[in-house]
Amino acid sequence: MTDTRPIKSIGFIHLVPFDPRDPRKGHEEGIELFTYAERLGLDSGWVRTRHLQHGLSAPAVFFGAVSRETERIGLGNAVIPVGFENPFRLAEDLATADVLSGGRLLPGLSVHPPRYDDHLNGLVHDAGWPHEDYGYGRIERLRGFLAGEALRARPEYGGFGGDFDSERVEPYSPGLSDRLWYGGGSLRSAEWAGRAGFHWLMSNINSYENGEQDFAAAQLAQIRAFRGAHAAGEDARVSVARVFAPTEGATAAQREKYAEYLRSRAPRSQGVFQGRTLIAQDITGSNDQIVDVIRNDAAFQAADDYLFELPFEFELDDWKQILDQLAGEIGPALGWRPAPRG
């Protein structure tokens, strides 16, 4: 089988960071960035979910606002850690945002057990958290809710309050349950996501497995495992993301900032980080240099969708400059074309 595929879409991933003294400004800049990306013709924008940090904590609420300012761009999550969520309530929030956006949500999901100390876990997850199942079944339950599965027989109208009862989670948004991505970084999660029929979302962080220290080769092994387990086989969809900081179109101050940022992060990508994790090298340079890196990255060449991860510590003008180069030069050089305006 071939591992070289044409690009289906290009987008970006954003933390939506904010100053705790003025959180509204950061959220509004996030909305502005999505509208800017849509005007550039990018296919999708994805947000991270952060709890107890100065980053976006309520992506469905954010996408409800973004949907009022945009018309076309896909709205993705990279990712929602479902362990923090009640799947029933999360299904309601995602479906509401999807209805408001006209069916543009691309929910990316992940699972892991609580990671705080016992006291904080009790506050965050409630007192029964040690007895909860935080495995893959939590996501499968969410998918069932989004698919409109009947949860009860519709009660007979009782004569007051209006006849509004439903047998399923509402609102129901057709097609949303088929747009779910699983964000993972191990062979085990890749195989599970394939068997379960999800799309596969990969980031710049990966598990160290089977002695493989080459980041792209490790991700390629996961892509093959995912498609090998998926009913759609080679048609199963995969997205790959990296941090790139193109220098073309940047001011001298921006180029210096980008270089210093990448220098500060370089040590973590040298070898196996903390004995168990591989982290991709961040790339800065000319558009031609970035295109060359992507063309020689085995994981990108095997993927369908390319995502640029925007550095958390940058500012709105920096992120716009990166998106300008992505949509105007880098994407087209890779054979991608921006969506037409309007």
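The values are calculated or read from the model by the stated rules, or taken from the named source; none is laboratory data. The structure displayed is predicted, hence computed values, not measured ones. Cβ: placed from backbone, ideal geometry, glycine included. Neighbour counts: every protein chain shown.
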Close pairs from segment 202-222: first closer than 12 Å to VAL272 by Cα and of a type in the set (Asp, Glu), partner at pLDDT 95 or above and surrounded by fewer than 21 Cβ atoms within 10 Å (Cβ to Cβ), Cβ under 7 Å, at least 6 apart: GLU209/SER186; GLU209/LEU187; GLU212/ALA221
Any chance LEU40 is touching a Ser or Thr at 6+ places or on another chain (Cβ under 9 Å), in contact (Cβ under 8 Å) with a residue 12 or more places away in the chain and at negative phi: no
Index of the failed condition, LEU142 passing every other in (1) of a type in the set (A, V, I, L, M, F, W, C); (2) under 18 Å from the mean Cα position of the chain (by Cα); (3) under 26 Å from ILE294 (Cβ atoms): (3)
Members of segment 282-317 found to be touching a helix residue (DSSP H, G or I) at 6+ places or on another chain (Cβ under 6 Å) and either more than 27 Å from GLY30 (Cβ to Cβ) or part of a helix (DSSP H, G or I) (or both), listed by number: ASN287, ILE290, VAL291, ILE294, ASP297, ALA298, ALA299, PHE300, ALA302, LEU316
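When segment 151-178 is examined, which residues are found to be surrounded by 20 or more Cβ atoms within 10 Å (Cβ to Cβ) and closer than 30 Å to ALA225 by Cβ?
Keep residues of segment 151-178 that are surrounded by 20 or more Cβ atoms within 10 Å (Cβ to Cβ), which gives 169, 173, 176-177.
Within segment 151-178, LEU176, SER177 qualify.
Looking at segment 188-251, what strands (runs of 3 or more DSSP E) fall wholly within it and have at least 2 residues that are out of contact with any Phe, Trp or Tyr (no Cβ under 8 Å at 6 or more places or on another chain) and at pLDDT 95 or above?
Fully inside segment 188-251 and qualifying: 205-207.
What do you reckon, is PRO338 in a loop (DSSP other than H, G, I, E, B), at pLDDT 95 or above and within 21 Å of GLY55 (Cα to Cα)? Give the derivation first.
Details: in a loop (DSSP other than H, G, I, E, B): yes; at pLDDT 95 or above: yes; within 21 Å of GLY55 (Cα to Cα): no.
Answer is no for this residue.
Would you kindly identify the helices (runs of 4 or more DSSP H) lying entirely within segment 53-162 that contain at least 2 residues that are in contact with a His (Cβ under 9 Å, 6 or more places away or on another chain) and either among the aromatic types (Phe, Trp, Tyr) or in contact (Cβ under 8 Å) with a residue 24 or more places away in the chain (or both)? Walk me through it before giving the result.
Numbers: elements: 59-69, 87-101, 118-125, 137-146.
Filter on segment 53-162 gives 59-69.
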